[in-house]
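Novice: Encoded as structure tokens, here's the structure I'll be asking about.
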Amino acid sequence: MSHVIDLNAYLQRIGYDGPLAADLATLRAITTAHVAAIPFENLNPLLGLPVSLEPVDIERKLVHERRGGYCFEQNGLLLDVLRTMGYDVSGLIARVLWMKPEDAMVAQTHMLLRVELAGESWLVDVGFGSMALSGALRLQPDIVQATGNEPFRLLHDHGEWRMQAQVRDEWRTLYRFDLQPRPAVDYVVANHYTSTYPASHFLHGLIMARTLADRRLGLRDREFVVHDTGGESVRRVLAGVDEIKQVIRDEFGIQLPAHPGLDRRLAELPAAE
């Protein structure tokens, strides 16, 4: 029997009590509330724990246990939510280029979603960590589109699309992708790579992000940063395990897992250079 998501529990988790019509306004509101409430985090890979993509496990972790997750969990959860609400939605897969050259040859390790509404196509992506999309983008190239945070745009060339964000007056590519809908098994394979491959950065450092209406929060190992939208960034190096755990709880709203190796793993995190 297939899993049926507890929509009311999800809506309570993201703090949304607005309309539930399968329209653009609701899509934007749901995605904006999602990235504000459910942070990006990699505690499971960091602790050597499996990352399950079974819908029941994703719902338990992100909704009921008040944890976060990375793209396959975040967008996997949103995919089930939107389908339950009546949206026509499919999953896509991308090659991440953030902080890499435009022509970098990288694996397909990122999930995003395509939504069809009234004859138009839209993209949503609540799982891209420090640059998660608050809202939805019309699938149309070469136009600047406002979001709750930075402006975004899409570029298109010979069947390949690129997602870009304007950061400090510079357009920077997040990832490239095509519009081929992907079956769940493609995400299972990519998730196995990102959560277990020895060179995956998710295994070697703490990564957290949360996107609020007026700022983005980030935690990379011991460095906590607040990026004000359109303003300056404030950085702080956390002193030790207790302060790291406090920031995780208070700033990211995460209920820490009861894992015997958590404190040791946090103590091993390097200070920012």
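We did not get these values from a lab; they are worked out from the coordinates using the rules stated. These numbers were taken from a predicted model, which means no experiment stands behind them. Counting neighbours? That spans all protein chains shown, and the Cβs are built from the backbone with ideal geometry, glycine included.
Novice: Report which label in [x] 18.9, 59; [y] 17.8, 52; [z] 21.1, 97 holds the value of Rg and Dmax of the Cα atoms in Å derived from the coordinates of this structure.
Specialist: Comparing each candidate, only [y] matches the computed number.
Novice: I've got another one for you. Which order do peptides 94-101, 163-170 fall in by mean Cβ count within 10 Å, highest first?
Specialist: 94-101, 163-170
Novice: Another question, if that's okay. I want to check the label-to-label distance for VAL4 and GLN255. Put each point 7 Å from Cα in the C-beta direction and report it in nm to one decimal.
Specialist: Placing both labels 7 Å beyond Cα along the Cβ direction yields 2.4 nm.
Novice: Rounded, prolate or oblate, given the Cα gyration tensor of segment 203-267, with a/c below 1.5 counting as rounded? Could you put the intermediate results ahead of the total?
Specialist: Working: a/c = 2.38, a/b = 1.86, b/c = 1.28.
Prolate.
Novice: I would also like to ask the following. Need the full-extension length gain, ALA239 to LEU155, defined as separation in residues times 0.36 nm minus the C-alpha distance. One decimal, nm.
Specialist: 26.0 nm
Novice: Residues in segment 56-81, backbone N under 13 Å from the label point at LEU262 (7 Å along the Cα-to-beta-carbon vector): list them, ranges by number please.
Specialist: Of the residues in segment 56-81, 65-68 have backbone N under 13 Å from the label point off LEU262.
Novice: So which GluC sites (Glu not before Pro) in segment 53-145 end up in coil per DSSP with only 16 or fewer other C-beta atoms within 10 Å?
Specialist: Loop-located and lightly packed - GLU65, GLU102.
Novice: Starting from the Cα-Cα distance between ALA146 and ASP186, subtract it from 0.36 nm times their residue separation and give me the gain in nm to one decimal.
Specialist: 11.3 nm
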